[in-house]
Amino acid sequence: MADQEHLAVLQQGVAVWNEWRACHPKVWPDLSSVSLSWLELADADLQHCSLNDSRFHYTQLTRSDLYRAAFGKASLYGADLRGARIVEASFAGADLTKADLRDAEISFTDFTGAHMVECNLQQSKLIGAELSKVNLFQANLVGAQLRGAKFLWANLTGVDLRDANLSGANLTGATFIDADLSGADLTNANLQFARLIDSKLDGANLTACRVYGVSAWNLSSTGTIESDLVITRGDEVSIAVDNLEVAQFLYLLLNNSRIRQCIDTITSKVVLILGRFTAERLSALHGIREALRSSGYLPLVFDFDGPSSRDITETIGTLAHLARFIIADLTDARSIPQELTTIVPNLPSVPVQPVLLSSQSEYGMFEHFKRYPWVLDTLLYKDPGNLLDLLPDRVIRRAEAMINSQAAVRT
């Protein structure tokens, strides 16, 4: 509990309080567990004060001196701390929601477990600060100095860290969802186990970051410097790469045999099936899939049930790069002409087996693809049952023969 004599002096105003502090330099005031909300405490000397569990809702604390002050579990909702000196203080477990700490000197201060939702820390100095397990949801840290700060398992969702200096910061396990780190300096930062999802890293510097266990998804990274990213633990031989999103994949590839098996399966067993499979032709699709499965392949179906688009074309191109061979059903062709234009000229190592219901004819421009050796002769079939009968010898065997002949030429 607060010392009532100390509290009485403070209630007389900042001028009286500061004079009393100057006359009693060895007294460390106790102002804990009291309400100091809405007070005008700008320029107050609160060095070494115990302010644990006290309330400072919308309190004016601009330019105040909080050197080594203790605010454990205090509530500073909406408090104004602009330009304050908060060096080596403690705010562990405190609530600083919507507090304004712009331009404050907050170096080597402990905020462990604090709630700093929508806190304004623009241009503040948090060098060496302890921010582990802090909730900084949608906080403003634009241009903040955060060198050597610790953000272990902190929530940085929606945080604005544009042009912030995070060099040497420890961000182990931190969560960055929809965060903006454009232009930020993360040189030598520790991003082990961090999650970066739907975030901006445009123009950021990630040189020599440790990214073991990082999860990186859908990042904007135009102009990002990603050199020498270390994908191994501190106790392992250092392996560095130059792309954050590739880093997580490479580490899994190096250290997980099941991932390697998965990659081998994809590149050696996937068969891409392209076509327009209307309700009356679904039996043909199902038959092809089952026949491929029984032969040890992994069928991947792309059913064109509507007009093609740029996104679909890019997706098909990506899938085609993974395929061992492609079966293209030209029956009722609509989007297939556009997709084959993307695939065939660019993938000479992937045989394409066209199939067509015998009652139909090849579309006009298909003749263009016949000059590519990896496009096999079109297989005509009478009905789904007939196609299944022909599949082992006229599709699978022919495609594999083409693959083997290409391999022989390369060796």
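Each value in this text was obtained by applying a stated rule to the coordinates, not by laboratory testing. From a predicted model like this one, the values you see are computed outputs, not experimental measurements. Virtual Cβ from ideal backbone geometry, glycine too; neighbours counted across all protein chains shown.
If each of THR232 and ASP198 carries a label point 7 Å out from its Cα toward its Cβ, how far apart are those two points in nm?
Calculated label separation equals 3.6 nm.
Identify the residues of the range 15-59 with backbone N under 15 Å of a label point that sits 7 angstrom from the Cα of GLU5 along the Cα-to-Cβ direction, or state none.
Inside the label zone: 20-31.
Calculate how steeply helix 257-269 sits against the longest principal axis of the alpha-carbon atoms of the chain, using the helix alpha-carbon long axis, and give the answer as 0 to 90 degrees to the nearest 10.
On a 0 to 90 degree scale, this one is about 30.
Scan around ASP95 for amide H atoms under 5 Å from its own, H built in the peptide plane at 1.01 Å from N, and keep only partners 5 or more places away or cross-chain.
HN-HN under 5 Å from ASP95: ALA74, SER75, LEU76, HIS115.
So, in the chain, how many Lys pairs have Cα atoms under 30 Å apart, if the pair is 8 or more places apart or on different chains?
19
Compute the helix-to-body angle for 282-294: its Cα long axis versus the longest principal axis of the chain, expressed 0 to 90° and rounded to tens.
It works out to around 80 degrees.
Once you charge only the Cβ atoms, +1 for Lys and Arg and -1 for Asp and Glu, what is the size of the charge dipole of the chain about its Cα centre, to the nearest 20 debye?
Details: 36 positive and 48 negative charges, 241 e Å.
In total the dipole reaches around 1160 debye.
Between SER75, SER361, SER37, find the one with the highest GNM mean-square fluctuation for the chain; connect C-alpha pairs within less than 10 Å.
The residue with the greatest mean-square fluctuation here is SER361.
Going by how many other beta carbons lie within 10 Å of each one, how would you line up ASP235, ASP45, fewest first?
Details: ASP235 5, ASP45 19.
Ordered from fewest to most neighbouring Cβ atoms within 10 Å, ASP235, ASP45 come out as ASP235, ASP45.
Classify the range 344-399: rounded, prolate or oblate, from the alpha-carbon gyration tensor (a ≥ b ≥ c, eigenvalue square roots; a/c under 1.5 rounded; otherwise prolate if a/b is larger than b/c)? It would help to have the intermediate numbers written out before the result.
Working: a/c = 3.27, a/b = 1.32, b/c = 2.47.
Taking the square roots of the gyration eigenvalues as a ≥ b ≥ c, the range 344-399 is oblate.
Does anyone have the angle between helix 244-255 and the longest principal axis of the chain? Alpha-carbon axes, 0 to 90°, nearest 10?
Between helix and principal axis, roughly 70 degrees.
Let's see if you can work this out: charge +1 on each Lys and Arg Cβ, -1 on each Asp and Glu Cβ, no other charges. What is the dipole magnitude of the range 43-155 about its Cα centre, in debye to the nearest 20? Before the final figure, lay out each step's value.
Working: 12 positive and 13 negative charges, 48 e Å.
The calculated dipole for the range 43-155 is roughly 220 debye.
Report the net charge of residues surrounding VAL230, where surrounding means a beta-carbon distance below 13 angstrom and charges are Lys +1, Arg +1, Asp -1, Glu -1. If you can, show how the numbers build up before the last one.
Working: positive: ARG210, ARG233; negative: GLU226, ASP228, ASP235, GLU236, ASP242.
Counting the neighbours of VAL230, the net charge comes to -3.
In whole Hz, what ³J(HN,Hα) sequence does the range 36-42 give by Karplus (6.51, -1.76, 1.60; θ = phi - 60°), x for Gly and Pro?
10, 5, 6, 6, 9, 10, 4
Please list, ordered by chain and number, the residues whose modelled amide H lies under 5 Å from the amide H of VAL301; skip anything fewer than 5 residues away on the same chain.
Residues meeting the amide H criterion: ILE273.
Fewest first, what order do MET365, MET116 take by the number of other Cβ atoms within 10 Å?
On the way: MET365 11, MET116 28.
Neighbour counts put them in this order, fewest first: MET365, MET116.
For the chain, modelled as a GNM with alpha-carbon contacts under 10 angstrom, which of GLY128, GLY364, GLY183 fluctuates the most?
GLY364
Along the charge dipole of the chain, Cβ charges K/R +1 and D/E -1, which of LEU39, ALA2, SER215 sits furthest on the positive end?
Looking along the dipole axis, the top candidate is SER215.
Considering only ARG371, ARG82, ARG398, give the residue with the highest GNM mean-square fluctuation for the chain, with springs between Cα atoms whenever their separation is below 10 Å.
Among ARG371, ARG82, ARG398, the largest GNM mean-square fluctuation belongs to ARG371.
Determine ³J(HN,Hα), in whole Hz, for all residues of the range 231-236 in sequence, where each value follows from phi through the Karplus function 6.51 cos²θ - 1.76 cosθ + 1.60 and θ = phi - 60°; x replaces Gly and Pro.
Residue by residue, the range 231-236 yields 9, 10, 6, x, 9, 10 Hz.
How large is the direction-averaged shadow of the alpha-carbon convex hull of the chain, in nm²?
On the way: hull surface 106.8 nm².
Answer in nm², one decimal: 26.7.
Give me ASP178, ASP329 ranked fewest to most by other Cβ atoms within 10 Å of their Cβ, as a rough exposure proxy. Mind dumping the intermediate values first?
Details: ASP178 13, ASP329 26.
Fewest to most other Cβ atoms nearby, the residues stand as ASP178, ASP329.
Using modelled amide H (1.01 Å from N, peptide plane; none on Pro or chain starts), what sits under 5 Å from the amide H of ASP110, excluding residues fewer than 5 places away?
ALA89, SER90, PHE91, GLU130
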